[in-house]
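The numbers here are math on the coordinates, done by the rules we state, and not lab data. Note that the structure is a prediction, hence the values are computed from the model and not measured. Cβ placement follows ideal geometry from the backbone for every residue including glycine, while neighbour counts extend to all protein chains displayed.
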Amino acid sequence: MIDLFMPFRAFLKYENVCSDNNVFRMHYKVTVIMLLVFTLLVSSKQFFGEPIHCMSDSEKDSDKDAVNSYCWIYGTYTLKSRLGGKEGINNAYVGVGPESYNDEQIKHTYYQWVCFVLLGQAVMFYTPRYLWKIWEGGRLKALAADLSSPIVSKDWSEFRRGELISYLTYTNIYTHNTYALRYALCEFLNLGNVVGQIFLLDIFLGGAFRNYGAAFAAFTHTPKLPVNMEDFDLINPMDQFFPKLTKCWLRKYGPTGTLQLKDRLCVLPLNIVNEKIFVILWFWLIFLAFVSALALLFRLLVFSLSPLRTFMIMGQLRYVRRSTVSKIVNRFGYGDWFILYSLGKNVNPLIYKELIIELAKELDHKPIVV
């Protein structure tokens, strides 16, 4: 079983140089790993066996496999009028019972596509990361190479410092706005993707996903009513949207050509895990959408307020005057600041402190470009 999860090691690999932030990593690391694990669970028969088992009247029924395949392909259903009440009295099981002519049927065909939908979601959550890797092009890794070590080498004081200062003040100053804009675009794609995934799952489950987590929380925190009031109990959303027992009608012709209708009770073992998967996804996607919106709002504030950019650089330093940092921030464009701030997350703090001080000195001798 452990071997099945070995391919996910690549997502857990530590990166010496990181060009994004924690919210970004929640999308392409945490969420993608979660979705891939869920895909593995619902597609591996060794955990839950066959996805559907339809009961027959006889143990020697030769059409058993055909019935299972038919009900799996064409779907099963439960009865809306039999969702509530007491089992054994008002219904046989939740959603299963005697059917009248005008009973509303709730069709269930989504389970055929769950593994494909989860896999597609994983691809979509990784897409902004893939785009950012292409656009970033390893620039930050080249700038911060060998500077994250806790031991400061001679190369820094003799060679690398001059290279970085030249890059930030002469060679590429005012040229990083596209770099920063592309990163902000990827953050926007992350937010758009997670919000879109909520609506797509709601469509996929026939409108059941939008309130699924809230209904589950309401049901689990509602005290049980007395026996004589059970008809008024809240319906368990797990049983309503992910039933374990459903009905299936099979039409076939008998030996004399007469149309025969067979009523089957079908067990859906996969819904035991599907109901938990979509509860977890509901809470996670709502949380992720919230923090992603905050991250995008914060990005807008950072772009608009230079004092906030100064404060963020100061948070990476110790014993450096605010006026020194403000001098750099006021001379740098937003893209240049973004590169400088990203370097601060990936290099040795002593090196970064010295870089800031030397940058401020260098900018004193550089004419202001109007």
With springs connecting C-alpha atoms under 10 Å apart, model the chain as a Gaussian network and identify which of Asp202, Asp336, Asp263 has the largest mean-square fluctuation. Asp263
For Val152 and Ala66 in the same chain, what is the full-extension length gain: residue separation times 0.36 nm, less their Cα-Cα distance, in nm? 23.9 nm
Rounded to the nearest 0.05, what FRET efficiency do Arg322 and Glu362 give with R0 = 25 Å and r taken as the Cβ-Cβ distance? Could you check? 0.85
Would you please give the FRET efficiency between Ile286 and Gln105, computed as 1/(1 + (r/R0)^6) with r the Cβ-Cβ distance and R0 = 30 Å, to the nearest 0.05? 0.50
Gaussian network model of the chain, Cα springs within a sub-10 Å range: biggest mean-square fluctuation belongs to which of Gln121, Gln240, Gln105? Gln105
What is the dipole size for the chain, taken about its Cα centre, with +1 at each Lys and Arg Cβ and -1 at each Asp and Glu Cβ, in debye to the nearest 20? 1280 debye
Specify which residue in the list Leu147, Gly206, Gln112 is farthest towards the positive end of the charge dipole of the chain, using unit charges on the beta carbon of Lys, Arg (+1) and Asp, Glu (-1), about the Cα centre. Leu147
Once both axes come from the Cα atoms, what is the angle between helix 114-136 and the longest principal axis of the chain, in degrees from 0 to 90, rounded to 10? 10 degrees
Under a Cβ-Cβ limit of 4.7 Å, which cysteines in the chain have nobody to pair with? Cys18, Cys115, Cys186
As a test of the formula, what do you get for the chain when each DSSP H run with n ≥ 4 contributes -39,500 (n - 2.57) and the sum is divided by the residue count, at 222 nm and rounded to the nearest 500 deg cm²/dmol? -16000 deg cm²/dmol
So for segment 2-364, using the alpha carbon gyration tensor with a ≥ b ≥ c as root eigenvalues (a/c under 1.5 gives rounded; past that, a/b versus b/c decides prolate or oblate), I'd call it prolate
